[in-house]
Amino acid sequence: MLHFNRCQHLKQITEKCFSVIHVNMDKHPQLFLSRTFVLAELRKSWHSTHSLVGDKNIILMGPPGAGKTTVGRIIGQKLGCCVIDMDDDILEKTWNMSVSEKLQDVGNEQFLEEEGKAVLNFSASGSVISLTGSNPMHDASMWHLKKNGIIVYLDVPLTDIVSRLKLMKIDRIVGQNSGTSMIELLKLRRQYYKKWYDTRVFCESGASPEKVADKVLNAVKRYQDVDSETFISTRHIWPKDCEQKISTKFFSEVVIEGLASDGGLFVPEKEFPKLNSGEWKSLVGATYVERAQILLEKCIHPADIPAARLGEMIEKAYGENFTCSKIAPIRHLSGNQFILELFYGPTGSFKDLSLQLMPHLFAYCIPPSCNYMILVATSGDTGSAVLNGFSHLNDNDKQRIAVATFFPENGVSDFQKAQIIGSQKENGWAVGVKSDFDFCQTAIKRIFKDSNFTGFLTVEYGTILSSANSINWGRLLPQVVYHASAYLDLVSQGFISFGSPVDVCIPTGNFGNILAAVYAKMMGIPIRKFICASNQNHVLTDFIKTGHYDLRGRKLAQTFSPAIDILKSSNLERHLHLMASKDGQLMTKLFNQLEEQHHFQIEKILVEKLQQDFVADWCSEGECLAAIHSTYNTSGYILDPHTAVAKVVADRMQDKTCPVIISSTAHYSKFAPAIMQALKIQDINQTSSSQLYLLSSYNALPPPHETILERTKQQEKMEYQVCAADVNVLKSHVEKLIQKQFT
C-alpha cells in the first residue's frame with residue numbers, strides 16, 4: 001500500500017530515529033528528549049515519499065447509482081485527464097458481454113472472482129477511474145488499485161440511491177439473493193466501502209453531479225495537503241515578520257503532548273470545518289456512530305489517522321460498552337425542556353463519550369519506542385472514565401501506556417471515590433490527594449512544565465508524560481459530536497425543523513463541555529444561547545456577567561455536584577483565545593496574572609462579545625435538592641445533582657421562545673446520598689450498593705444503570721494510595737508508578 005498516514009509512517013521511522021538518538025546520547029543527550037526531532041524526520045519523509053503527483057489515479061468508489069460515472073467524466077474534463085469506467089471500458093471489453101449478462105451467466109460468487117481477475121490485469125496512471133459497486137468486495141483487486149491512487153468514497157444517501165436505481169430500471173445487483181431487499185443489500189455493502197476509502201465525499205440528498213465533482217476535488221486536495229490542518233498554542237505569539245516560520249503542531253502531535261510547552265492549550269490554527277444545511281439534514285436519520293464518523297473525519301486529517309481506521313475506532317468506542325444503543329439519547333422532560341442523557345457509558349458520566357474513544361486515538365498516534373504515563377486530575381467523573389477507557393486498549397498498548405489519576409481525597413462523592421478506586425487495572429492507578437481539584441489540576445500542569453523532571457523520566461525510564469483531561473484536544477474533540485447529535489435527534493423526532501434555533505444549558509466547571517457546544521455551533525448547528533450553570537463555586541458565572549475572573553479570597557466549597565467544584569477553569573482559555581482573534585500575547589498576560597495575582601479583567605469589548613452568546617447563573621444547594629424533588633414528583637424523572645443545577649439555571653435564564661437542551665452529565669446513582677436526601681428517603685447511612693438497589697426499586701426514569709450496579713460491590717474493597725498536597729510528593733508518586741509499570 002503506497003499511502004501511509006503520518007502516524008503509521010512515524011512508527012516505521014521512529015526506531016531508526018531513536019537508534020540514532022541512543023548512539024549519540026552521550027554527546028547530545030538533549031536529542032533523546034526531543035520528539036520534535038522525530039516528527040521533523042517524519043514530515044521530511046512524508047513529503048518526499050508520499051506526495052501525490054500527476055501519475056496517481058483518482059478512484060471513485062460507491063454503491064450502484066452513486067453517480068460515479070457521471071462525476072468521473074466531469075472531473076476528467078476539469079483536470080483534462082483520462083476517464084475510465086470500470087464497467088464499460090474494462091469489464092465489458094474483457095468479457096465481450098454486458099455486466100448484467102455476465103452476472104446472470106456465472107452467478108454472484110463467480111462474478112466477483114471474474115471481476116477481480118479483470119481488475120488485477122488492469123493498470124492506469126493519471127486517470128479518473130469509476131469503480132463498479134462490487135469492486136470493493138474483492139480484496140486483492142482493491143489492494144492493486146490502491147497502490148496507485150486515492151480512493152474516494154461517494155457517500156450518497158440510500159434514499160437517493162434507491163430512487164436512481166428505479167429510474168435506471170436496475171432491480172438486481174451483485175450479491176442480491178431472493179428475499180434480500182435492495183436497501184438491505186446496500187446497507188450491507190457499506191462495510192466494504194468503509195474498508196477501502198482514503199477520503200469520503202459526504203453528499204447531501206439531491207446534490208448535482210457538478211457539486212459532487214467539486215467536493216471530490218476538494219477532498220483530494222485536502223488529502224494531498226498534509227500540512228493544511230495544524231494547531232497552535234493559545235499562548236502562541238504571532239511573528240511580526242510575515243516570513244518567520246510559525247510554530248505549529250499536527251493533530252497526532254497535540255494528542256500525544258496534551259499541554260503546549262508554553263503552558264497554553266492547543267487549538268486549531270484555522271476555523272472549524274463547517275457542514276452545509278443539506279449535509280446536516282442527511283445526518284438526521286443517521287446513527288450516533290455514523291454521525292461521529294462524518295464529523296470527526298472532517299476534524300482529523302487522514303495523514304494523522306486514516307478515515308477507515310478512525311471509523312474502526314469509533315465503532316469500537318461506541319459499541320458494547322454503552323447500555324443504550326442510541327449512545328446519547330435526548331428525552332423530552334417538560335414544556336420546552338429536553339434532557340440530553342450522557343450517562344450510558346461504562347462509568348455513568350458524560351466523560352465516557354470522549355474517554356472511550358480518546359485512548360484509541362492516543363495509542364494510534366504514539367511512536368512505538370517510548371512508554372507513556374498519562375496524568376489526570378479529576379473532580380469526580382474523569383478519573384473512573386479515563387481508567388476504564390485506557391483499560392480497553394489491546395495488551396500491547398497497555399504495556400506501554402499507563403494512567404495515574406489524582407483526585408481530591410475528600411472532594412468527591414463516596415460513590416465516585418469507590419468507582420475511581422474500583423476502576424484501577426493493570427495499567428491504571430488512583431491516587432487520593434489531600435487537597436481540592438484545583439490543586440490537583442495545577443500540580444499536574446506544573447509537572448508538565450518542569451522540563452528537568454520530564455527530561456529525567458525520559459532519559460531514566462524511556463517514559464514521556466501526557467494528559468487525558470479536557471486540556472488534551474483528543475479528549476475535547478469527541479464531545480462536539482453529542483451536542484450536534486442532540487440537535488439532529490430533535491429534528492428527527494419532529495420537535496423542530498433543521499435551522500430552528502435551540503439553547504443549551506450545561507453544568508459547567510472546567511468549561512470543556514460547554515466549549516464543545518460552541519464548536520458544534522461553529523460546524524453549523526444553530527445554537528442560540530449557551531447557558532452556563534454553576535453551583536456555589538460560581539466563578540464562571542461571575543466572570544460571564546462582569547468580565548472579571550477573580551479568585552482572591554475565594555475558597556472552594558464542597559457541594560452535592562462535585563464534578564463542577566472548580567475555581568480554575570482550564571478550557572476558558574481556549575474560548576477567550578477564540579474571542580480575542582487568537583491573541584496569544586493577551587492569553588499569556590491574562591493567565592500569568594491569574595497565576596500570580598489570582599484575578600484578571602478582560603476589556604469591555606470582549607465582555608460584550610462573550611455576552612452575545614453566553615448567559616450564566618448559579619444554583620444553591622437547597623435549590624439543587626428542591627429541583628430533584630420537584631422534577632421527580634411532576635415527571636417521575638430523577639436528575640443527578642449536576643443536571644439539577646442546570647435545570648434550576650435553565651428555569652431562571654431561558655426565555656422559553658425555543659427549546660433548551662439540558663446536558664445531563666451523570667447518572668443519578670453516582671450521587672445516591674444526595675438523591676435520597678432530596679427525595680426524603682430514610683436510611684441514608686447505608687452502603688453504596690444498598691443505596692443504589694433502594695433507588696432502583698423506585699422504577700423511575702432514567703432506568704437503573706446496570707453496569708454501575710454490577711460493579712459497586714467489588715469497587716468498595718479495592719485499595720489505593722493517598723498523598724499530601726505537595727507537587728514534589730506527586731512527582732515522587734509518578735516516578736514510583738513508572739518504575740512499577742515500565743521497569
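The values are calculated or read from the model by the stated rules, or taken from the named source; none is laboratory data. What you see is a predicted model, and the numbers here were worked out from it, not measured in a lab. With ideal geometry, Cβ positions are generated from the backbone for all residues, glycine too; neighbour counts draw on all protein chains shown. The area values use the complete protein model at the heavy-atom level, side chains included, leaving out ligands, DNA and RNA. Shrake-Rupley method; radii C 1.70, N 1.55, O 1.52, S 1.80 Å.
Observations on the structure shown:
- Residue in region 147-157 that is touching a residue at least 24 places away in the same chain (Cβ under 8 Å) and open to solvent by 30 Å² or more (accessible area, probe 1.4 Å) present: yes
- Complete set of residues in region 478-501 that are open to solvent by 30 Å² or more (accessible area, probe 1.4 Å) and assigned to a helix (DSSP H, G or I): Ser492
- Scope region 399-413; condition of a type in the set (A, V, I, L, M) and in contact (Cβ under 8 Å) with a residue 60 or more places away in the chain; matching residues: Ala402, Val403, Ala404, Val412
- Residue within region 420-431 that is closer than 23 Å to Ile514 by Cβ and either charged (D, E, K, R) or surrounded by 23 or more Cβ atoms within 10 Å (Cβ to Cβ) (or both) present: no
- Across region 504-528, the number of residues qualifying as part of a loop (DSSP other than H, G, I, E, B), more than 23 Å from Val376 (Cβ to Cβ) and open to solvent by 10 Å² or more (accessible area, probe 1.4 Å) comes to 2.
- The condition (being under 27 Å from His667 (Cβ atoms), touching a residue at least 24 places away in the same chain (Cβ under 8 Å) and outside the structural domain of Pro641 (by the TED database)) is satisfied by just one residue among Asn537, Asn513, Asn469: Asn469.
- Against the test of being part of a loop (DSSP other than H, G, I, E, B) and open to solvent by less than 50 Å² (accessible area, probe 1.4 Å), the options Ile566, Ile531 yield a single qualifying residue, Ile566.
- Residue check: Asp89 meets all listed conditions (1) at pLDDT 95 or above; (2) within 24 Å of Gln77 (Cα to Cα); (3) open to solvent by less than 40 Å² (accessible area, probe 1.4 Å) but one, namely (3).
- Those helices (runs of 4 or more DSSP H) lying entirely in region 598-691 with at least 3 residues touching a Cys at 6+ places or on another chain (Cβ under 9 Å) and under 25 Å from Pro703 (Cα atoms): 641-653
- Some residue of region 118-131 being open to solvent by 50 Å² or more (accessible area, probe 1.4 Å) and part of a helix (DSSP H, G or I): yes
- Filter result for the condition that a residue is within 27 Å of Arg200 (Cα to Cα) and assigned by the TED database to the domain that holds Lys647, over Ala328, Ala286, Ala317, Ala292: Ala328
- For the residues Ala443, Ala385, Ala404, the requirement of being closer than 24 Å to Leu567 by Cα, open to solvent by less than 10 Å² (accessible area, probe 1.4 Å), part of a helix (DSSP H, G or I) and touching a strand residue (DSSP E or B) at 6+ places or on another chain (Cβ under 7 Å) singles out Ala385.
- First in region 727-743 and among the acidic types (Asp, Glu), second anywhere and part of a helix (DSSP H, G or I), Cβ under 9 Å, 6 or more apart: Glu735/Phe453; Glu735/Phe456; Glu735/Leu457; Glu735/Glu460; Glu735/Tyr461
- In the set Arg190, Arg164, Arg172, Arg200, only one residue is in the same structural domain as Gly76 (by the TED database), out of contact with any Gly (no Cβ under 8 Å at 6 or more places or on another chain), farther than 19 Å from Tyr223 by Cβ and modelled with pLDDT of 85 or more; that residue is Arg190.
- Unmet criterion (only one of (1) over 22 Å from Gly509 (Cα atoms); (2) open to solvent by less than 30 Å² (accessible area, probe 1.4 Å)) for Arg309: (2)
The rows are residues; the columns are (1) of a type in the set (A, V, I, L, M); (2) farther than 20 Å from Val156 by Cβ; (3) at pLDDT 95 or above; (4) over 18 Å from the mean Cα position of the chain (by Cα).
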{"site": "Glu210", "(1), (2), (3), (4)": "no, no, yes, yes"}
{"site": "Ala213", "(1), (2), (3), (4)": "yes, no, yes, yes"}
{"site": "Phe231", "(1), (2), (3), (4)": "no, yes, yes, no"}
{"site": "Lys245", "(1), (2), (3), (4)": "no, yes, no, yes"}
{"site": "Phe266", "(1), (2), (3), (4)": "no, yes, yes, no"}
{"site": "Ala286", "(1), (2), (3), (4)": "yes, no, yes, no"}
{"site": "Lys316", "(1), (2), (3), (4)": "no, yes, yes, no"}
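- Residues (closer than 14 Å to Asn535 by Cβ and at pLDDT below 95) located in region 631-673: Phe671
- In summary, Gly179 fulfils each of the numbered conditions (1) open to solvent by 30 Å² or more (accessible area, probe 1.4 Å); (2) at pLDDT below 85; (3) assigned to a loop (DSSP other than H, G, I, E, B); (4) in contact with a helix residue (DSSP H, G or I) (Cβ under 7 Å, 6 or more places away or on another chain) with the single exception of condition (4).
- Being acidic (Asp, Glu), open to solvent by 30 Å² or more (accessible area, probe 1.4 Å) and touching a helix residue (DSSP H, G or I) at 6+ places or on another chain (Cβ under 9 Å) is a property that does not hold for Asp225.
- Scanning region 286-299 finds one or more residues that are of a type in the set (Lys, Arg), open to solvent by less than 10 Å² (accessible area, probe 1.4 Å) and under 17 Å from Tyr482 (Cα atoms).
- A residue that is more than 30 Å from the chain's Cα centre (by Cα) and over 30 Å from Ala678 (Cα atoms) cannot be found anywhere in region 561-573.
- Restricting Val119, Val128 to residues that are touching a residue at least 24 places away in the same chain (Cβ under 8 Å) and under 25 Å from Met182 (Cβ atoms) narrows the list to Val119.
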